[in-house]
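Any read-out appearing in this document is the output of simple, stated calculations on the displayed coordinates, not a laboratory observation. These figures come from a predicted structure and were not determined experimentally. In this analysis, Cβ positions are derived from the backbone assuming ideal geometry, glycine residues included, and neighbour counts consider all displayed protein chains.
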Amino acid sequence: MNTNDFPDTSPDTVFDTVQLRRGDLQAAVQDGIISITQAQHLWSRWSPGAAVNARAPAQGWRVGRAAPGPGLSFTNTLYYFGGMVAIGAMTLFMTLGWQSFGAWGLLAISLGYLAACLKVADHLKTRQLPIPAGILATLAVCLVPLIVWCVQQGLGLWPPGGPERYSAYHTHINWRWLTLEFATLIAGVVMLWRYRLPFMVMPVAVTIWYMSMDVANALMQNQGFNWQFTRDVSLVFGLATCAVAVWVDVRCRQAQEPAWRQDYAFWLYLFGAIMFWCGLSLRDSSSELGKFIYALLNVFLVFVGAAIGRRVFTVLGAFGVAGYLGYLSHRVFQDSLMFPFALTLLGLGLVALGIWWQRHEDRIYARLSAWVPAGLRA
């Protein structure tokens, strides 16, 4: 309750009524005094006519939290499955037969596809169908690298010595793809600003992943392939992508317009965390201390994921810890008779920890949130 609502009286005074606003309950949730569920039940109990809205969208109660993404219903599954098939048809599954159209013929087809996708996306958005609209707009973004490749081929500007087939864009690492990737990033940002649909961040995140490999190829083209250097570049790109995801996440949570309060950071978190974790996990440490620090970093990822409400960090951190335990089992304690028993007890202890965590989840999140900036609290 808001202490400013109480008049200045003696402590013995008993109040029959107080002024309680929904914002006061939200503040109590943010301070960890009550849980979100408790706040919803209290509001539905005290506010006349609020029972119907007791299960209102979560963003009304999650203070500073971006609106959650759509649920995976059967209809949404059909949307995304059909959309990914269409995207794959113009990207991963483009066959050599398309090359017979020539650069300019393929450019005309691609531009026709792009115009049709944007036209349908506009129509679907006006019909209040944001998910299929986002899929069509995403397909338009995915056509941008093909269009740029056609222009470069048609004008004779494609650098010699590299892949001559566009289908190799998704299978071969080469610095010559960088022009396609920069154009895709620019187009993705512009179209995202135009349509404001979260699924459109997916091709942007994938392009950043591709770029991390192609930039490494460009930097070491005179020295031959060096997978350690590629690994380190991936780690740096992963950290940078996660930093961008944090910035986007905070901006979305603080946005005033409903269109910008959606979860635009999901795909950036996903690919950024994978790039960082893979780069970190592929580093070969010759010391036991280095491997132990790797395990601690993964434990840190588990708690970071819980604190900011991003499961990708928790899952990857759990994989890292499991990998370290597997290393201990097969290398360090391979001849120890007690290690399997100790590992069994550790596994059962983790199960017990999970039960305890579930029972005290709201309180744990409140405690962890105290260590997280206000804009990122789950």
Amide proton proximity set for residue 262, modelled H, under 5 Å, gap of 5+: 67
Inter-label distance for residue 296 and residue 282, nm, one decimal - labels placed 7 Å from Cα along Cα-to-Cβ: 2.6
Extended-chain gain in nm, criterion 0.36 nm per residue less alpha-carbon gap, residue 115 and residue 345: 76.8 nm
Derived scalar couplings ³J(HN,Hα) [the range 256-267; Karplus, 6.51 cos²θ - 1.76 cosθ + 1.60; whole Hz; x for Gly, Pro]: 8, 7, x, 5, 8, 8, 8, 8, 7, 8, 4, 5
Packing-based order for 301-312, 149-160, 166-177, using average beta carbon neighbours within 10 Å, highest first: 301-312, 166-177, 149-160
Stokes-Einstein D for the range 72-241, Kirkwood Rh over Cα pairs, 37 °C, 0.692 mPa s (µm²/s): 193
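As an exercise, use a Förster radius of 56 Å and the Cβ-Cβ distance of residue 352 and residue 221 to find the FRET efficiency, rounded to the nearest 0.05.
After rounding to 0.05, the efficiency reads 0.60.
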Ratio Rg/Rh, restricted to the range 204-338 and using Cα atoms, in which Rh is the Kirkwood radius: 1.07
Burial ordering of 242, 142, fewest other beta-carbon atoms within 10 Å first: 242, 142
Neighbourhood net charge (14 Å Cβ-Cβ; Lys/Arg +1, Asp/Glu -1) for residue 320: +2
Sequence-distant residues sharing a close amide H with residue 34 (under 5 Å, placed H): 29
